1. Among the residues of the stretch 36-47, is any modelled with pLDDT under 80, surrounded by 13 or more Cβ atoms within 10 Å (Cβ to Cβ) and either touching a strand residue (DSSP E or B) at 6+ places or on another chain (Cβ under 6 Å) or closer than 30 Å to GLN231 by Cβ (or both)?
2. Restricted to the stretch 342-364, and to residues that are charged (D, E, K, R) and part of a loop (DSSP other than H, G, I, E, B), which residue is modelled with the lowest pLDDT?
3. As an exercise: evaluate ARG287 against (1) modelled with pLDDT under 95; (2) of a type in the set (Lys, Arg); (3) over 46 Å from the mean Cα position of the chain (by Cα) and give the number of the one condition it does not meet.
4. What number of residues within the stretch 305-318 satisfy the criterion of being in contact with a Gly (Cβ under 7 Å, 6 or more places away or on another chain) and either in a loop (DSSP other than H, G, I, E, B) or surrounded by 23 or more Cβ atoms within 10 Å (Cβ to Cβ) (or both)?
5. Please give the number of the condition LYS337 fails out of (1) at pLDDT below 95; (2) touching a helix residue (DSSP H, G or I) at 6+ places or on another chain (Cβ under 9 Å).
6. Testing VAL245 on (1) of a type outside the set (Phe, Trp, Tyr); (2) assigned to a helix (DSSP H, G or I); (3) within 22 Å of LEU189 (Cα to Cα); (4) over 30 Å from the mean Cα position of the chain (by Cα), one condition comes back false. Which one is that?
7. When residues of the stretch 182-201 are filtered for being touching a Ser or Thr at 6+ places or on another chain (Cβ under 9 Å) and part of a loop (DSSP other than H, G, I, E, B), how many remain?
8. Return the total of residues in the stretch 208-255 being of a type in the set (A, V, I, L, M, F, W, C) and touching a Gly at 6+ places or on another chain (Cβ under 8 Å).
Amino acid sequence: MNRLPWVPSLLLSSALSLCSVQARPDTLSVSVQIKQSPPVSIRASERADVVYLSLNDFASVLKLPFSVNEAVRKLEFRLASHRVKTTAENPFLVITDLSSNAASVYQLPAEAFLDEKIFYVPAEEFIRALNIVWPEKVVFDPIDLLVTVNSSPSTSPFDITGVQIESKLNGYLMTVEATRKLGDVEAWLKPDGWLFLTVANAKADTSALATLKPFGAIRRILVFQSPTAVQLTFKVAPDVTRAEVLNDPGTNNLLISLHTQSVAEKAELERRRQQMVREKLEKEQERWKLDVIVLDAGHGGKDPGTIGVGKTKEKDVTLAITMKLGQLIEKNLKDVKVVYTRKTDTFVELYRRTQMANDAGGKLFVSIHCNSTPKKPSVQNGFEIYLLRPGKSEDAIQIAERENSVIRLEEGFEQRYQALTEENFILVTMQQSAFMKHSEQFAAVATSSMAKHLNIKNSGVRQAGFYVLIGASMPNVLVETGYLSNRNEEKVLRSSKGQQKIAEAIFEGIKEYKTLYEKALREGQAYGGQ
């Protein structure tokens, strides 16, 4: 609630000055007696058999700081722990707890009204609302038109004065200390561990309750006082299973039993929790199991790829190596399905290759290619494995540009690839961050395996922006198996024996990677555990 600025109140100089207030013919006067002091008259009025008292005079007599905002027709006065606001032509009192700034609304039976800068409120209901939040007892006698303040000084102004917590064998016992029998009481323990205790038509000593310290199963205590009820809110420990509220037959107090789990119940709950974790882990392991490998033979059909010194076409070499590699996987890894983006000399658009891999639920995408230099023949040689990232070296950038140039053979390529600016390409690669760890791991393992089994120079793991890898929802690499522009490597690449050795070297890398990957999966470190 917004606070009104406090302005100096026009306090009446003395009780005698109030006695001299001349009520208009259509008004009454109400007497206010504070403890044993002589009664003091304040202005009042009667409308439709309802007695209204002057809130300005009432606040002045009781020396309560108050302010009037004529622009919005509001009067606000302050008690020790609350702020009370009324508005002309409005039946609601807004009562704000100063300690928590929580506001409550109390509805009067009739609207307050304003007469020559004096606010009038229904006397009987206003006094009843005031008793909820004021520490002193206030009583209005509608017959004698008398308001008495602190008429029972020996009686506590609060219904709820404190809370005691003690440990028991099967949980905890909370005692809500009360000065009278509490009637309408509701208790609700939510699954999230919050216990709500609501007592209707009760007033709590919020200052005393605010000093309570958490103990045992009680982790936090909050108190909310409203004009019609008080709510005690407790954050309880996770092992509290239920709460029971009873009236103490020997006192006015409320007893709240908090039942906690036994050792056997806790053990059973932990067993169920661990079972759920195991089942969830098994589902994740099954979901990410390396059961589908997608092999992509680069180029094909009307796209021959690079042409070797001896007229060897890249598309033929990549298809031969891919088919030999697929046969090795199918023969030796019975639990793995092999998906080919092409098995014949056909043209497949670059975007379709990863699309096919995703549709098949692939867990690893390996694109097979052959390298070349602009000038042939050349001494440049070696195999290398690429990750999808912006190229760092000039050579990597040129190789990617050559491999990407195939998009010109696709229909409508301008619209399809025009969004792949340098900035957008970085965003595209970031989308594959969930798989990059495993892409890097496979690239490292495959590079080591190829270096071990082949008499071809190891040029290592590199990165470049190959379009064929864009969109793969799985670990993915592009393997440049060797240089067709190098006469010696061309002989290896075009021979069935050389192709078999390359396929076997890559297969050994796949087999080792599968072992490492599934070990990480069992330990919860694959994908979800990254």
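The values are calculated or read from the model by the stated rules, or taken from the named source; none is laboratory data. None of these values were measured; they are calculated from a predicted model. Please note: Cβ atoms are built from the backbone with ideal geometry, for glycine as well, and neighbour counts cover all protein chains shown.
1. Within the stretch 36-47, none of the residues are modelled with pLDDT under 80, surrounded by 13 or more Cβ atoms within 10 Å (Cβ to Cβ) and either touching a strand residue (DSSP E or B) at 6+ places or on another chain (Cβ under 6 Å) or closer than 30 Å to GLN231 by Cβ (or both).
2. Going through the stretch 342-364, the residues charged (D, E, K, R) turn out to be 342-343, 345, 349, 352-353, 359, 363.
Right, trim to part of a loop (DSSP other than H, G, I, E, B) and you get 342-343, 345, 349, 363.
On the way: ARG342: 96, LYS343: 97, ASP345: 96, GLU349: 89, LYS363: 93.
Applying the filter and picking the extreme gives GLU349.
3. Among (1) modelled with pLDDT under 95; (2) of a type in the set (Lys, Arg); (3) over 46 Å from the mean Cα position of the chain (by Cα), ARG287 violates only (3).
4. Of all residues in the stretch 305-318, those in contact with a Gly (Cβ under 7 Å, 6 or more places away or on another chain) come to 305, 313-315, 318.
So of that shortlist, the ones also either in a loop (DSSP other than H, G, I, E, B) or surrounded by 23 or more Cβ atoms within 10 Å (Cβ to Cβ) (or both) come out as 305, 314-315, 318.
Number of matching residues: 4.
5. So LYS337 meets the others, but not (1).
6. (2)
7. So the count comes out to 2.
8. Of the residues in the stretch 208-255, the ones of a type in the set (A, V, I, L, M, F, W, C) are 208-210, 212, 215, 217-218, 221-224, 229-230, 232, 234, 236-237, 240, 243, 245-246, 254-255.
Imposing the further condition that a residue be touching a Gly at 6+ places or on another chain (Cβ under 8 Å) reduces the set to 208-209, 212, 217, 236-237, 240.
Within the stretch 208-255, residues that are of a type in the set (A, V, I, L, M, F, W, C) and touching a Gly at 6+ places or on another chain (Cβ under 8 Å) number 7.
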